[in-house]
Amino acid sequence: MPELPEVEARRRAIESAFKAGTLTSFDIDKKGIVKHENERVQKHIIGETLLSVDRRGKYLIFEFPDALKITLHFGLFGEMEIAGREEKLPSVCARFVFDDKRALFVLKWASIWFGMGVEDLEKLGPDPLAEPERFTLKYLVSSLSKKRTKIKQFLMDQAVIAGIGAVYADEILFQSGVLPTRSAHDLSGAEASRLYDAVQKTLKSAVKKTVAAGREDRSFLSLEGRENCLVCGTKIVNTRLAGRRTLYCPSCQN
Ligand SMILES: [Zn+2]
């Protein structure tokens, strides 16, 4: 599943390709992916200029004049491609054509909302990179104290922090030296502070590396795809926690 760094890299690619461009047409091949229809938006958005693409957690919000919006979530398998409008790509579920030349292709399964219909956006916790003023150490410490869930689940809870999924939760916990099975409310002040730094540093550096790679590449992560811990050489534990694959180093994390 694309997580915050990958969605942010996609946001930058879309903005750099289409910002200030005019949306000339769109078609959606699989009706099921439209989660909210709004006639006014669908009718009036054609011919409008793309002002910006914002991101909240794993959602992308395309902003047009007069508060016209399209919101996109890539779900588990959604991908995208920027190509010539006539390009034939496999598994296209939506195509947004800009300036009559190039198009944003949304591939596989994604969700699209026209207008303001994304209730989930209102329930999202702070995005550590897009909303640093909301994602403070004080906020994290207070949220930790209220939750008895395992710390990995806590990090993946979009209502607490927006944008982190299973893979980046593992990386952040490795960087903090905290086991994924610990209870959120049990973390010490020092651990909470390490966790706070790790959330920001890990996501920031992952955005940089993903953008630089020009494709989705997780080879720089400490646990993903590795047998042994990079730091101490101990065999990495590969288990399941709350139904999600979970990796950790039993020696560096406690
Ligand atoms: Zn280790």
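Every number here is computed from the coordinates shown, using simple stated rules; none is lab data. Remember, predicted model here, so these are calculated numbers, not experimental data. FYI the Cβ positions are ideal-geometry reconstructions off the backbone, even for glycines, and counts take in every protein chain you see.
Give the average over all directions of the projected area of the C-alpha convex hull of the stretch 137-248, one decimal, in nm².
On the way: hull surface 27.9 nm².
Across all orientations, the stretch 137-248 yields a mean hull projection of 7.0 nm².
Straight-line reach from K30: which lysines fall under 25 Å, measuring Cα to Cα and dropping same-chain residues less than 8 apart?
K43, K58, K69, K88, K101, K108
Once R0 is set to 30 Å, what does the formula 1/(1 + (r/R0)^6) return for the Cβ-Cβ distance between E63 and S145, expressed as a FRET efficiency to the nearest 0.05? The partial results should precede the final answer.
Values: r = 36 Å, r/R0 = 1.20.
For E63 and S145, the calculated efficiency is 0.25.
Arrange I61, I161 by Cβ neighbour counts within 10 Å, fewest through most, would you?
The fewest-first ordering by Cβ neighbours comes to I61, I161.
Amide H of T246 versus every other amide H placed in the peptide plane: which residues, excluding those fewer than 5 positions away on the same chain, fall under 5 Å?
For T246, whose amide H was placed from the backbone, the distant partners under 5 Å are T239, R240, L241.
Can you sort S16, S143, S25 by how many other beta carbons sit within 10 Å, fewest first?
In order of increasing Cβ crowding within 10 Å: S16, S25, S143.
Among the lysines, select those whose C-alpha is under 21 Å from the C-alpha of K150, and discard any that sit fewer than 8 residues away in the same chain.
Within the straight-line limit of under 21 Å, K150 reaches these lysines: K123, K138.
From the phi of every residue in the stretch 242-249, what ³J(HN,Hα) in whole Hz does the Karplus formula 6.51 cos²θ - 1.76 cosθ + 1.60 yield, where θ is phi - 60° and glycine or proline is x?
6, x, 10, 4, 9, 10, 7, 9
Long-range amide H contacts for K147: which residues qualify at under 5 Å (H placed 1.01 Å from N, peptide plane, sequence gap of 5 or more or a different chain)?
The list, which skips near neighbours in sequence, is H185.
What whole-number distance in Å separates the alpha-carbon centres of the stretch 205-254 and the stretch 2-38?
29 Å
Return a whole-number percent for the relative contact order of the chain, with Cα pairs under 8 Å and 6 or more residues apart as the contact set.
Details: 478 pairs, mean separation 44.1, N = 254.
Dividing the mean separation by the residue count of the chain yields 17 percent.
Counting only C-alpha contacts under 8 Å and six or more residues apart, can you give the relative contact order of the stretch 1-151 as a whole percent?
26 percent
Counting every Cα pair in the stretch 4-122, what percent are over 24 Å apart?
Working: 1013 of 7021 pairs.
When all Cα pairs of the stretch 4-122 are counted, 14 percent exceed 24 Å.
Can you pull a Stokes-Einstein diffusion coefficient for the chain at 37 °C (0.692 mPa s), Rh from Kirkwood over Cα pairs, as a whole number of µm²/s? Write down the numbers at each step before the final one.
Details: Rh = 19.4 Å.
Translational D for this selection: 170 µm²/s.
Hey, what number do you get for the chain at 222 nm if only DSSP H runs of n ≥ 4 count, each worth -39500 (n - 2.57), divided across all residues, to the nearest 500?
On the way: 7 runs with 78 residues, N = 254.
One gets -9500 deg cm²/dmol as the mean residue ellipticity at 222 nm.
For the stretch 143-159, take each phi angle, set θ = phi - 60°, evaluate the Karplus expression 6.51 cos²θ - 1.76 cosθ + 1.60, and give the result in whole Hz per residue in order, putting x for glycine and proline.
Values per residue, Gly and Pro as x: 5, 4, 5, 8, 10, 9, 6, 5, 4, 5, 5, 4, 5, 8, 6, 5, 7 Hz.
Considering only DSSP beta bridges where both residues belong to the stretch 1-132, give the percentage that are antiparallel (nearest 5). Let's see the in-between values first.
On the way: 33 of 35 bridges.
Bridges in the stretch 1-132 that DSSP calls antiparallel: roughly 95 percent.
Convert each backbone phi in the stretch 100-113 into a coupling constant with the Karplus relation 6.51 cos²θ - 1.76 cosθ + 1.60 (shift: θ = phi - 60°), then list the ³J(HN,Hα) values in order as whole Hz, x for Gly and Pro.
6, 10, 9, 9, 9, 9, 9, 10, 6, 9, 9, 10, 10, 10
State to the nearest 20 debye the size of the charge dipole of the stretch 137-248 about its Cα centre, where the only charges are +1 on K and R beta carbons and -1 on D and E beta carbons. Show your work: numbers first, answer last.
Working: 19 positive and 10 negative charges, 36 e Å.
Charge dipole of the stretch 137-248: 180 debye, to the nearest 20.
Between L137 and Q42, what is 0.36 nm times their sequence separation minus the Cα-Cα distance? Round to one decimal in nm.
Working: separation 95, 0.36 × 95 = 34.20 nm, distance 4.08 nm.
Result: 30.1 nm gained on full extension.
Using the Kirkwood radius over Cα pairs, work out the Stokes-Einstein diffusion coefficient for the stretch 1-64 at 10 °C and 1.306 mPa s, in µm²/s as a whole number.
Working: Rh = 13.0 Å.
Estimated diffusion coefficient is 122 µm²/s.
Just to confirm the number: angle between the C-alpha axis of helix 189-213 and the first principal axis of the chain, 0 to 90 degrees, nearest 10?
The angle comes out at about 40 degrees.
Evaluate the distance, in nm, between pseudo-label points positioned 7 Å from the Cα of S205 and of A17 along their respective Cα→Cβ axes.
It works out to 3.0 nm between the two label points.
Could you tell me the distance between the Cα centroids of the stretch 48-85 and the stretch 163-191, to the nearest Å?
Between the Cα centre of the stretch 48-85 and that of the stretch 163-191, the gap is 30 Å.
Check which residues have an amide H placed less than 5 Å from A94's amide H, if you skip close sequence neighbours.
D29, V106
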